[in-house]
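Trainee: Starting off with a structure, shown below.
The values are calculated or read from the model by the stated rules, or taken from the named source; none is laboratory data. None of the values given here were measured: they were computed from a predicted structure. Positions of Cβ are generated from backbone atoms using ideal geometry, with glycine treated the same way; all protein chains shown enter the neighbour counts.
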């Protein structure tokens, strides 16, 4: 079309602060409602505190919000200045993102109206179609050129409509009017160019409606075929992402990013079909405001990461938030049963799913194309695909996929996961065989991690789908894949073994020799980063999200080290997350004792509890040394907060165990193991870090605790150097 456009003035700032990303519905196919002539729609704030994060108030979340605070114009959310104010952070995804998800309506331009630069376009139509390659504000990324150099609307429209071949052949596709309308194209142009133009006729005001059921069905049928189409390695989209692109639809991947990534594997026509499939899923499930795909971190508690430059800073803010949520633990010396029971109730009222933490969990995908901070291996999607072992296996596997798509239940999901162990194989990574000549123990990190990631991807996507279907999803505790299916925790433990065993020997920080990563996976990583530090981040993130779904860890593994979270808490301490460690340790133990989440609990079974682990105060102190005595926060204010929290949780657990034993007459067999630690650990902590008066109270509680155990066991008191009790002396 040869439009008559008159330039009025070259003013108007087309950029906006922060990172604008794709968080909108595809504007031309799945418009949401009508729009007023000459304007684009605004968007609503996300329900996890996005507005508070931008306006300078503490982002909302359990534990209360900070008051006051200054406004923020960068990527960080506003800082709450009140005690424990939750602070939004761009690290946190939906809650702390600088740009909340913005549903986009069809752009309507009346004849004769002025079309002015609109910064909201960068977070809507532009973000969805262009930002993935050309950057958040059109500044260009690598080989993808700038769009802010004005060459006129006709030239701009020509390249968008016809695409471009050359050094980036196939990456710049042609956008038809059905994918990017003339009104949308014009609005993007004037925003990037900083111009104001006058339209010679009406554009985009026909009130297009969303896809009907027939169109959705066609997109599903065609898209599913291309979703399973093999590439040069016999891998398909399904080989990494699972039965359907629910993740791309739910998280809000823009068309440009899908094009850029998919065209390495399938043709442009096939990619178009996949994109239509993604939009059909959004239409089918009513995804009106997809997530910010560059920032969204699945299962990040509260949808945000507490802001702060260091773990120590974020940990202190976490402690302040904890003080709001569980004030009894911070109100003087806790030394009565009534106080212990009150503190217990306050801790149990904290939902691990919604209470923000200072550790960033992994994003869904990472790629250095989006900046160095994205050049990390710490992502959900595996870099190597799981492909069918043969044609018969392919038929069997996709039959299970079809069954799941038709009826997405946990049982059908587990069927895919279980069948994958025999019906698929991993490409590009040698299957480790310790008996084979030339076996390299480093190789099995890639092999095992990609397998665990694929299982975790299936698990997470099912939660996305559950949420979209009005089920618990990410917001509440829903069915868990236990016992024996916690791939999330297992991945964290795998990273632990590689960190502690292999890096200390012969790897010397090399990406390929230490982790066995294929070349294309290494290309996405910032080579300047320390692989060991990255592995430590991966370990913490996956340990935390694994605990997320089994807050006792009793259903995850029979290992005592797992049950007491020995390695996870050790890493938390090492990284300076002191308050997080106390919270995790004792919130976990309370879950076992009071929330009936013991090992007898299963997906469909009745609530149960393993009484031998219900109150394991002594075992925590003995087997895993409880809390570190010497490693402490360096900041005086943070140190004072941590000391009162740690000391009071020691006493709380002793008092709760005394109450439990006296009320039930039952003692865990774990209470009689390593009894010398039961007496010394809380006393040593109090001796080092508390007053003489508090030490005296602690010693008194230790005596009461020991007496309660001895009375319930009907044994004489055990002293240092004597033989241990028989294993059982309780229920």
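Trainee: Do we find a residue being touching a helix residue (DSSP H, G or I) at 6+ places or on another chain (Cβ under 7 Å), modelled with pLDDT under 80 and over 28 Å from residue 302 (Cβ atoms) anywhere in segment 534-556?
Mentor: no
Trainee: Then there's this: Of the residues 563, 599, which single one is at pLDDT below 85, surrounded by 23 or more Cβ atoms within 10 Å (Cβ to Cβ) and over 19 Å from residue 349 (Cα atoms)?
Mentor: 563
Trainee: Being on the phi < 0 side of the Ramachandran plot, under 44 Å from the mean Cα position of the chain (by Cα) and at pLDDT 85 or above narrows it down to one residue among 690, 706; which is it?
Mentor: Numbers: 706 fails: at pLDDT 85 or above.
After ruling out the rest, the residue left standing is 690.
Per-residue answers, yes or no, for (1) closer than 16 Å to residue 651 by Cβ; (2) crowded, with 20+ Cβ neighbours inside 10 Å; (3) touching a strand residue (DSSP E or B) at 6+ places or on another chain (Cβ under 6 Å):
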position: 309; (1), (2), (3): no, no, no
position: 314; (1), (2), (3): no, yes, no
position: 320; (1), (2), (3): no, yes, no
position: 330; (1), (2), (3): yes, no, no
position: 340; (1), (2), (3): yes, yes, no
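Trainee: State whether one or more residues within segment 401-419 are in contact (Cβ under 8 Å) with a residue 24 or more places away in the chain, in a helix (DSSP H, G or I), outside the structural domain of residue 238 (by TED's automatic domain parsing) and over 30 Å from residue 470 (Cβ atoms).
Mentor: No.
Trainee: Of all residues in segment 379-421, which are closer than 23 Å to residue 297 by Cα and touching a strand residue (DSSP E or B) at 6+ places or on another chain (Cβ under 8 Å)?
Mentor: If the condition is that a residue be closer than 23 Å to residue 297 by Cα and touching a strand residue (DSSP E or B) at 6+ places or on another chain (Cβ under 8 Å), then 379, 380, 384, 385 are the ones that fit.
Trainee: Let me ask something else about it. Quick check on this structure: which one of 295, 233 is in contact with a strand residue (DSSP E or B) (Cβ under 9 Å, 6 or more places away or on another chain) and closer than 25 Å to residue 127 by Cβ?
Mentor: Numbers: 233 fails: closer than 25 Å to residue 127 by Cβ.
Just a single option satisfies the conditions, and that option is 295.
Trainee: Considering only residues that are on the phi < 0 side of the Ramachandran plot, surrounded by fewer than 19 Cβ atoms within 10 Å (Cβ to Cβ), outside any strand (DSSP E or B) and in contact with a helix residue (DSSP H, G or I) (Cβ under 7 Å, 6 or more places away or on another chain), which ones fall in segment 120-144?
Mentor: none
Trainee: A further question on this structure: Among the residues of segment 454-480, what is the count of those that are more than 16 Å from the chain's Cα centre (by Cα), farther than 10 Å from residue 246 by Cβ and either modelled with pLDDT of 90 or more or not in a loop (DSSP other than H, G, I, E, B) (or both)?
Mentor: 1
Trainee: Restricting attention to segment 501-513, does a residue exist that is outside the structural domain of residue 642 (by TED's automatic domain parsing), at pLDDT 70 or above, in contact with a helix residue (DSSP H, G or I) (Cβ under 6 Å, 6 or more places away or on another chain) and not in a helix (DSSP H, G or I)? Don't jump to the end; show me each part of the working.
Mentor: Here is the first cut: in segment 501-513, the residues outside the structural domain of residue 642 (by TED's automatic domain parsing) are 501-513.
Cutting the leftovers down to at pLDDT 70 or above gives us none.
No: segment 501-513 contains no residue that is outside the structural domain of residue 642 (by TED's automatic domain parsing), at pLDDT 70 or above, in contact with a helix residue (DSSP H, G or I) (Cβ under 6 Å, 6 or more places away or on another chain) and not in a helix (DSSP H, G or I).
Trainee: Would you point out which residue out of 649, 657, 680 is out of contact with any strand residue (DSSP E or B) (no Cβ under 9 Å at 6 or more places or on another chain), under 26 Å from residue 338 (Cα atoms) and at pLDDT below 65?
Mentor: Exactly one residue qualifies, and that residue is 680.
Trainee: Restricting segment 182-196 to residues that are surrounded by 23 or more Cβ atoms within 10 Å (Cβ to Cβ) and in contact with a strand residue (DSSP E or B) (Cβ under 6 Å, 6 or more places away or on another chain), which is modelled with the highest pLDDT?
Mentor: 190
Trainee: Out of the residues in segment 343-373 that are crowded, with 18+ Cβ neighbours inside 10 Å and within 30 Å of residue 703 (Cβ to Cβ), which is modelled with the highest pLDDT?
Mentor: Ranking the qualifying residues of segment 343-373, first place goes to 343.
Trainee: Report those helices (runs of 4 or more DSSP H) wholly inside segment 207-321 carrying at least 2 residues which are more than 30 Å from residue 546 (Cβ to Cβ).
Mentor: It comes to 213-227, 255-262, 268-285.
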